[in-house]
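The values are calculated or read from the model by the stated rules, or taken from the named source; none is laboratory data. Not measured: the values here are computed from a predicted model. Using ideal geometry, Cβ is built from the backbone for each residue, glycine included, and neighbour counts are taken over all protein chains shown. In case anyone asks, the SASA skips ligands and DNA or RNA and just uses the protein heavy atoms, side chains included. Shrake-Rupley method; radii C 1.70, N 1.55, O 1.52, S 1.80 Å.
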Amino acid sequence: GSGAVRYADGVAEPLRSGQVGDHAVVLSVHEDAEGTLWFGTADSLMRYRDGVVRAFTLEDGLVDDRVYTVLEDDEGYLWLSGNRGVTRVSKAALDAVARGEADSVSVVLYTSTDGMPANECNGGLNPAGMRAADGRLWFPTVGGVAVVDPGRMHTSDVPPPMLIEQVLVE
């Protein structure tokens, strides 16, 4: 209820970065493929790697500080559920921000306009999402369950072409 704690050799040590979110309620824990720990908290996304804690918030480019669950796909992305929807963010981009090489991350936010039953995801009780054996990601929302298949999603950073057919001036 007051942040993440590391217990080793009989000693409990609070994980602190000096940033917002250090003392937040931890809602979920995820260990990624490289052994990094990610904490979804009521105030941030926290990363614990090599004894160093780094919190990521709105100031770093996230769209929601409340992170109910952290899931990982096979392409190097984390999927975060929160009150504003489900966010996909690159672990490499988060690492670049942590190293000071970038000011913020770019994210993709999925909401009801993308087919989710509701924007607001459920959380606070575990699990607030899961990765199935087939790689699909399941997120509970206040309107039902949203299922994402990252392996079948194709996104493009190139905006679609636009054609203006008519201009009206009154």
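Take the stretch 135-158 and flag every residue that is open to solvent by less than 100 Å² (accessible area, probe 1.4 Å), without any contact (Cβ under 8 Å) to a residue 12 or more places away in the chain and either part of a loop (DSSP other than H, G, I, E, B) or touching a Lys or Arg at 6+ places or on another chain (Cβ under 7 Å) (or both). Give the steps one after another, and end with the answer.
Filtering the stretch 135-158 down to residues open to solvent by less than 100 Å² (accessible area, probe 1.4 Å) leaves 135-151, 153, 155-156.
With the extra rule that they be without any contact (Cβ under 8 Å) to a residue 12 or more places away in the chain, the set shrinks to 138, 147, 153, 156.
Across the stretch 135-158, the qualifying residues are 147, 153, 156.
Confirm whether residue 85 is over 21 Å from residue 37 (Cβ atoms), crowded, with 20+ Cβ neighbours inside 10 Å and among the small types (Gly, Ala, Ser). It would help to see each step written out before you state the result.
Working: over 21 Å from residue 37 (Cβ atoms): yes; crowded, with 20+ Cβ neighbours inside 10 Å: yes; among the small types (Gly, Ala, Ser): yes.
Yes: the conditions hold for residue 85.
Counting just the residues of the stretch 61-79 that are free of Cβ contacts under 8 Å to residues at least 60 places away in the same chain and part of a loop (DSSP other than H, G, I, E, B), which one comes out nearest to residue 6 (Cα to Cα)? Walk me through it before giving the result.
At the first step, the residues of the stretch 61-79 found to be free of Cβ contacts under 8 Å to residues at least 60 places away in the same chain are 61-67, 70, 72, 76, 78.
Still in the list and also part of a loop (DSSP other than H, G, I, E, B): 61-67, 76.
Numbers: 61: 27, 62: 25, 63: 28, 64: 25, 65: 22, 66: 22, 67: 20, 76: 25 Å.
Going through the qualifying residues, I end up with 67.
Please work out which residue is surrounded by the fewest Cβ atoms within 10 Å (Cβ to Cβ), limiting yourself to the stretch 38-60 and to residues that are more than 13 Å from the chain's Cα centre (by Cα) and either in a loop (DSSP other than H, G, I, E, B) or not aromatic (Phe, Trp, Tyr) (or both).
Among those residues, the one meeting the criterion is 50.
What number of residues in the stretch 104-134 are without any contact (Cβ under 8 Å) to a residue 40 or more places away in the chain and under 24 Å from residue 32 (Cα atoms)?
Matching residues across the stretch 104-134 total 5.
Scan the stretch 90-134 for residues that are touching a Ser or Thr at 6+ places or on another chain (Cβ under 6 Å), open to solvent by 30 Å² or more (accessible area, probe 1.4 Å) and outside any loop (DSSP other than H, G, I, E, B) and jot them down.
Passing the criteria: 107, 109.
For residue 27, state whether it is of a type outside the set (S, T, N, Q), farther than 19 Å from residue 130 by Cα and open to solvent by less than 20 Å² (accessible area, probe 1.4 Å).
no
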